[in-house]
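A quick write-up on the structure given underneath.
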Amino acid sequence: MARPRKPLLSTDRIVETARALVDAEGLAAVSTRRLAAELGVSGPSLYNHFRTKDEILEAVADSVSAQVDLSMFEDGRDWRTALHDWAVSYRNALRDHPNIVPVLARGPGRRPAALRLADAAYGAMVEAGWPPAQATSIGALMRYFIMGSALGSFAGGFVDDASAYDPADYPHLGQAHLLAEQQEKIDERAFEAGLTALLDGLVLQYERVRQQV
């Protein structure tokens, strides 16, 4: 029996193609017509797998959540180390797919990988001795911090033009035009500094919590 000339359409293939399109051109580039053209199929054939464009974007978002490592919550690492390593893995996944972050920022909804991610982090904090309410707050706090770091680059927000930062107007921004060329290094350093400060603060809270038990 002869093989089909084109790969068979599948949910995974649609998601992979949509993710590549989002990565390259942003959320606005995704439409069922554009996806069908990219996949070499007719538009209606997509509806055998997804009912709407939003469902496709939700699946793309969940495929990115699935890239986040969760092993640190299962291999015996202490809660602070686990949160640190999870945050780094989480941010790396978002950094590789920044255009899907607005969809992820809506919350996990019904997305399976996103729900497993939330369940693992929350469960690990409760098992470590955090009260459930505070474990929930920690999950929210980490999500705010990680999502915020992925929404945009601090260093990339400055233009490579010294004349834009007239010392008469901005006396402390004389070197701001140099930030863009070191964007990755500055953003990584800022993320690690913020994460360390956040976790150090949680350690102090944890000590108070354990004293009350």
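Along the charge dipole of the chain, Cβ charges K/R +1 and D/E -1, which of Leu9, Gln212, Leu21 sits furthest on the positive end?
Projecting each Cα onto the dipole axis, the largest value belongs to Leu9.
Quantify, in whole percent, the carbon and sulfur part of the accessible surface of segment 1-113 (1.4 Å probe; protein heavy atoms only). The partial results should precede the final answer.
On the way: 3140 of 6270 Å².
The computed percentage sits at 50.
About the Cα centre of segment 101-184, how large is the charge dipole given +1 on each Lys and Arg Cβ and -1 on each Asp and Glu Cβ? Please answer in debye to the nearest 20.
It comes to approximately 800 debye.
Stretch Ala197-Ala133 to full length: gain in nm at 0.36 nm per residue minus the Cα-Cα span?
Values: separation 64, 0.36 × 64 = 23.04 nm, distance 2.15 nm.
Between Ala197 and Ala133, full extension yields 20.9 nm more.
Hey, if you put +1 on the Cβ of every Lys and Arg and -1 on every Asp and Glu Cβ in the chain, which of Gln175, Leu83, Ser153 ends up farthest toward the positive end of that dipole?
Leu83
Per q in 0.15 Å⁻¹, report the Debye log10 I(q)/I(0) for the chain, using one uniform scatterer on each alpha carbon and no solvent.
Log-scaled intensity ratios, in q order: -1.00.
Okay, helix-only estimate at 222 nm for the chain: each DSSP H run of n ≥ 4 adds -39500 (n - 2.57), divide by all residues, round to 500 deg cm²/dmol; what do you get? Please list the in-between numbers first.
Numbers: 8 runs with 125 residues, N = 213.
Per the formula, -19500 deg cm²/dmol.
What nm distance separates the two modelled labels at Asp119 and His49, each placed 7 Å from Cα along Cα→Cβ?
Label-label distance for Asp119 and His49, simple model: 2.5 nm.
Could you give the accessible area per residue of the chain, probe 1.4 Å, as a whole number in Å²? Please list the in-between numbers first.
Values: 12440 Å² over 213 residues.
About 58 Å² of surface per residue is accessible.
What ranking of Asp69, Asp62 comes out by heavy-atom accessible area, probe 1.4 Å, highest first? Let's see the in-between values first.
Values: Asp69 65, Asp62 20 Å².
These residues rank, largest area first, as Asp69, Asp62.
Just how large is the dipole of segment 141-213 about the Cα centre, in debye to the nearest 20, putting +1 at every Lys and Arg Cβ and -1 at every Asp and Glu Cβ? Intermediate values should be presented prior to the final figure.
On the way: 5 positive and 11 negative charges, 124 e Å.
Using only the charged Cβ atoms, the result is roughly 600 debye.
Taking the Cα centre of the chain as the origin, how large is its charge dipole in debye, to the nearest 20, when only Lys and Arg (+1) and Asp and Glu (-1) carry charge on their Cβ atoms?
On the way: 22 positive and 28 negative charges, 224 e Å.
With only Lys, Arg, Asp and Glu charged at Cβ, the dipole is about 1080 debye.
The values are calculated or read from the model by the stated rules, or taken from the named source; none is laboratory data. In this text the structure is predicted, and so the values were computed from the model without any measurement. Glycine gets a Cβ as well: all are built from the backbone with ideal geometry, and neighbour counts include every protein chain shown. Areas reflect the complete protein model, heavy atoms only, side chains present, ligands, DNA and RNA absent. Shrake-Rupley method; radii C 1.70, N 1.55, O 1.52, S 1.80 Å.
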